[in-house]
Structure formats: C-alpha cells, structure tokens
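Remarks on the structure that follows.
The values are calculated or read from the model by the stated rules, or taken from the named source; none is laboratory data. Note that this is a predicted model, so its numbers are computed, not measured. Here the Cβ positions follow ideal geometry from the backbone for every residue, glycine too, while neighbour counts run over all protein chains shown. When the accessible area is computed, the model is the full protein with side chains, heavy atoms only, and any ligands, DNA or RNA have been set aside. Shrake-Rupley method; radii C 1.70, N 1.55, O 1.52, S 1.80 Å.
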Amino acid sequence: QVQLVESGGGSVQAGGSLRLGCATSGLYFSSYIISWFRQAPGKEREFLASITYSGGSTYHADSVKGRFSISRDNAKNTVDLQMNSLKPEDTGVYYCATTRNGWSTRADGYDYWGQGTQVTVSS
C-alpha cells in the first residue's frame, strides 16, 4: 500500500528557507514519479517539482526554478523539497504525490497524495 507523509512545514519570514520532507512507503516500482504541489487559499493545486523513483531525473516549474530544489534520499525513502528565498506568495498547503503514469504537471494525473503540510511566509 502506497503511503506518503509530509513534514517540515511552518512559518518563516520572506527571504527565509524551509526544507519539506515526504516519507514514502509502498513504492516498489521504478516507474513511480514523485512530485510536490501546493495549494493557496481559493486557488487550484499548483505543480512545483518532480523526481523519478531513482532520483536520477528532476523537473521544476518555472515559477520556482532557481529557488526550490527537489531531491531524493533512497536510503531513507524520502523526497525533499528545499525552498529558498521564500516569498509571501509561496504561502499554502504543500503536498507530495506519486503516480506510475509518467511525468505530469496536472494534479489529476496523480494517484496517491499525502495529507499536506502548511507553509506560511510573512512579509
């Protein structure tokens, strides 16, 4: 059974950094893609970054490229999102998700989701 559990959210001032973690279990196939999304109040879920199961390939949305970085620790079965130079508009609930259906930036392309972790950036 696939399970995803996010951690690391919190409150930070603009310009600060946070590192989110996504603990994964049940991902036994190399075809899995793991991604991070966020959802601000009143807005649709927004794609941020993806990484392959092996960690060999990554993709970042233009909106976060250069500030956010996705990585995988295979020994710990976690996928992390390092977030630097945070802005108030980065505020939202951050989710990790996974799919075996290949690369996708659409939320409806993912089969499994974590419960989310809140990130609040104050100005």
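Scanning region 92-113 for residues that are surrounded by fewer than 20 Cβ atoms within 10 Å (Cβ to Cβ) and within 17 Å of Gly9 (Cβ to Cβ) returns Val93, Trp113. Scanning region 4-17 for residues that are aliphatic (A, V, I, L, M), more than 22 Å from Thr105 (Cβ to Cβ) and either part of a strand (DSSP E or B) or without any contact (Cβ under 8 Å) to a residue 12 or more places away in the chain (or both) returns Val5, Val12. With respect to the conditions (1) part of a loop (DSSP other than H, G, I, E, B); (2) in contact with a Leu (Cβ under 6 Å, 6 or more places away or on another chain), Trp36 falls short on a single one, namely (1). For region 18-38, a tally of residues being open to solvent by 60 Å² or more (accessible area, probe 1.4 Å) and in contact (Cβ under 8 Å) with a residue 24 or more places away in the chain returns 3.
Looking only at residues of region 66-82 that are of a type outside the set (S, T, N, Q) and farther than 13 Å from Cys22 by Cβ, we find that the one that is most open to solvent (accessible area, probe 1.4 Å) is Ala75.
With respect to the conditions (1) in contact with a Gly (Cβ under 7 Å, 6 or more places away or on another chain); (2) on the phi > 0 side of the Ramachandran plot, Gln118 lacks only one, and its number is (2).
Could we say that Lys43 is within 19 Å of Val12 (Cα to Cα) and open to solvent by 50 Å² or more (accessible area, probe 1.4 Å) here? No. Out of Gln1, Gln82, one residue alone is more than 16 Å from the chain's Cα centre (by Cα), touching a residue at least 12 places away in the same chain (Cβ under 8 Å) and either more than 19 Å from Gln118 (Cβ to Cβ) or part of a strand (DSSP E or B) (or both). It is Gln1. Filtering region 99-109 to residues that are at pLDDT below 95 and either of a type in the set (Lys, Arg) or within 18 Å of Thr78 (Cα to Cα) (or both) leaves Thr99, Arg100. Can Lys87 be described as within 19 Å of Gly8 (Cβ to Cβ), at pLDDT 95 or above, more than 15 Å from the chain's Cα centre (by Cα) and open to solvent by 30 Å² or more (accessible area, probe 1.4 Å)? Criteria met by Lys87.
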